[in-house]
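See structure below.
The values are calculated or read from the model by the stated rules, or taken from the named source; none is laboratory data. This one's a predicted model, so the numbers in the text were calculated from it and none came from an experiment. Every residue, glycine among them, receives a Cβ derived from its backbone with ideal geometry; neighbour counts consider all protein chains shown.
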Amino acid sequence: MNFDLQLFAEDALERQTSNQLRKGIRSLKKKIEEHRLKIKEPWKVYADWYEEPDKQLGRIAHWLHEIKNFTESIQSRIDELEKRGEQP
């Protein structure tokens, strides 16, 4: 049985306070920036970056996927705040 844990987490947004939603947005933006730095300078994350070229594309693809997930999660929080008539 497969579960989409992200889906369950996003359902809980309605129960979060507006301040919690805003804190989540800030945290996710920070994670996006961290992942962009990993893509820009991957050798700082993996000392063996140049020794394992077969893993490079997979790692970059993973970081890009994470950025996509974080961006979607930010938008979910913004949508919830707007539904409440509040600004993100």
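So, in region 62-88, exactly how many residues are surrounded by fewer than 14 Cβ atoms within 10 Å (Cβ to Cβ) and outside any helix (DSSP H, G or I)?
Going through region 62-88 one residue at a time, the tally reaches 4.
Any residue in region 29-48 that's within 13 Å of L64 (Cβ to Cβ): show its pairings with residues that are of a type in the set (A, V, I, L, M) and at pLDDT below 95 at Cβ separation under 8 Å, as long as the two are six or more apart or on different chains.
Cβ pairs passing all conditions: K38/V45.
Are any residues in region 54-73 over 14 Å from the mean Cα position of the chain (by Cα) and of a type in the set (G, A, S), and if so, which ones?
G58 - this is the single residue of region 54-73 that is over 14 Å from the mean Cα position of the chain (by Cα) and of a type in the set (G, A, S).
Within region 44-61, how many residues are surrounded by 12 or more Cβ atoms within 10 Å (Cβ to Cβ) and not in a loop (DSSP other than H, G, I, E, B)?
First, the residues of region 44-61 that are surrounded by 12 or more Cβ atoms within 10 Å (Cβ to Cβ): 45-46, 49, 55-56, 59-60.
From the residues that got through so far, the ones that are not in a loop (DSSP other than H, G, I, E, B) too are 49, 55-56, 59-60.
So the count comes out to 5.
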